[in-house]
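Read-outs throughout are calculated quantities, based only on the coordinates presented, and are distinct from any laboratory measurement. These numbers come from a predicted model, not from an experiment.
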Amino acid sequence: MGQTVRHLLSAADLSREEIFFLLDAAAALKRRPQRLLEGRELALLFEKPSLRTRVSFQVAMRHLGGETIYLAPQEVGLGEREAIKDVSRVLARYVDVVAVRTYGQEIVEEYARYSSIPVINALTNEEHPCQALADLLTVREKLGNDLRGRSIAFVGDGNNVASSLVVTAASLGMDVRMASPRGYMLPENIITEASARAEESGGSLTLTNEPEEAVRGAELLYTDVWTSMGQEREAEQRRIDFAGFQLNRQLVSLAAPGALIMHDLPAHRGEEITDEVMESEGSIIFDQAENRIWAQAAVVAFLLGVADRIEH
Ligand code: CP
Ligand code: NVA
């Protein structure tokens, strides 16, 4: 069992200092890619579809001089064809690090308990820590490295993307606002974690059911799909429940002048965000997607113990 191995399963696995360290490391690797992982191998064990996460990990590893193996949803059958603990122990004999995209957080936690190599959460129903790091890297590029007091409003579902973002942004001392319909608020454990981090860093966390309240005067507006992967059967009900939570011209007009628009992608245009807002001048959505490469390069280097060799 890999008790001493470091994993990234949740945004809360990283201390404030480590978040700063990773964001600086990501920026350094973006300025100058460095071949720190020659001969090292990353497995991508994915039980859901992906464009960004898969490709950005593959490109990141190539920049670092390492390699990847991609295992598609139909291939491994985690917990079905084979027990999670067996897959975990076998892959650890073949590769140096693994990124797992799956359903419940408990699956990636069980996987990690048996892994003698680092495990990275590449999205679960509950968390998406790699996305949050890329997002904050992007925000730093736009607003500067010191994000204390800068305001970010997330409008939408309190699940994976929002949870990891809120914990990470609160760690950096941001003014974090979260608007969700009743029944779709952030889980208690995330609220507790983010509030404690906000307190420590001088930030704040405001929860509301009114999108207008969250958005008013905010410098950054973020949304995500109303129906996440695996929830397709709830799509019709969710369209009803999330009505009024669309990032559209009217909602954006309440934000700070020149507010920046964020989305993790894929977007369901016309649902959580309009075409017009996605294509608007303030959109930094594709910068977020690009920065997945560098945030994840930093994470892999960190977990494999070579991040202190990154030249800044
Ligand atoms: N944002 C994100 O994780 O995209 P993919 O689902 O395409 O990987
Ligand atoms: N909340 C979305 C994020 C996709 C990157 C989902 O889980 O499908």
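Here the scattering of the chain is modelled by Debye summation over its C-alpha atoms, one equal scatterer each and no solvent; at q = 0.14 Å⁻¹ the log10 of I(q)/I(0) is -1.04. The relative contact order of segment 1-67 comes to 36 percent, based on Cα pairs under 8 Å that sit 6 or more residues apart. Can you classify segment 184-268 as rounded, prolate or oblate using the Cα gyration tensor, where a ≥ b ≥ c are the square roots of its eigenvalues, rounded means a/c under 1.5, and otherwise it's prolate if a/b beats b/c and oblate if not? The shape class here is oblate.
Need one word for segment 122-227: rounded, prolate or oblate. Basis is the Cα gyration tensor (sqrt eigenvalues a ≥ b ≥ c); a/c below 1.5 gives rounded, then a/b vs b/c decides. Rounded is the answer for segment 122-227, as its axis ratio a/c remains below 1.5.
Centroid-to-centroid, using Cα positions, segment 164-232 and segment 10-40 are 24 Å apart. For the chain, a Gaussian network of Cα nodes joined below 10 Å ranks S88, S50, S151 by mean-square fluctuation, and the top entry is S50.
To the nearest 10 degrees, how steep is helix 16-31 against the longest Cα principal axis of the chain, on a 0 to 90 scale? Roughly 80 degrees, rounded to the nearest 10.
To the nearest ten degrees, helix 160-171 and the longest principal axis of the Cα atoms of the chain are 80 degrees apart.
Mind checking which lysines have their C-alpha under 23 Å from K142, skipping anything on the same chain fewer than 8 residues away? Cα-Cα hits under 23 Å: K30. The GNM of the chain, with springs linking C-alpha atoms under 10 angstrom apart, assigns the highest mean-square fluctuation among R32, R101, R177 to R32.
Springs join every pair of Cα atoms under 10 Å in this Gaussian network model of the chain, and among L14, L51, L42 the largest mean-square fluctuation is at L51.
Close amide-amide hydrogen proximity is noted between E126 and Q105, each under 5 Å apart and 5 or more residues distant or on a separate chain (H modeled in the peptide plane; Pro and chain starts excluded).
Segment 264-280 and segment 104-159 have Cα centres separated by 21 Å. Relative contact order, whole percent, for the chain stands at 21, derived from Cα pairs under 8 Å and 6 or more residues apart. Between the helical axis of 129-143 and the longest alpha-carbon principal axis of the chain there is an angle of about 50 degrees.
Does segment 1-131 come out rounded, prolate or oblate, given a ≥ b ≥ c as the square roots of the eigenvalues of its C-alpha gyration tensor, rounded meaning a/c under 1.5 and, failing that, prolate meaning a/b above b/c? Since a/c reaches 1.5 and a/b is larger than b/c, the shape of segment 1-131 is classed as prolate.
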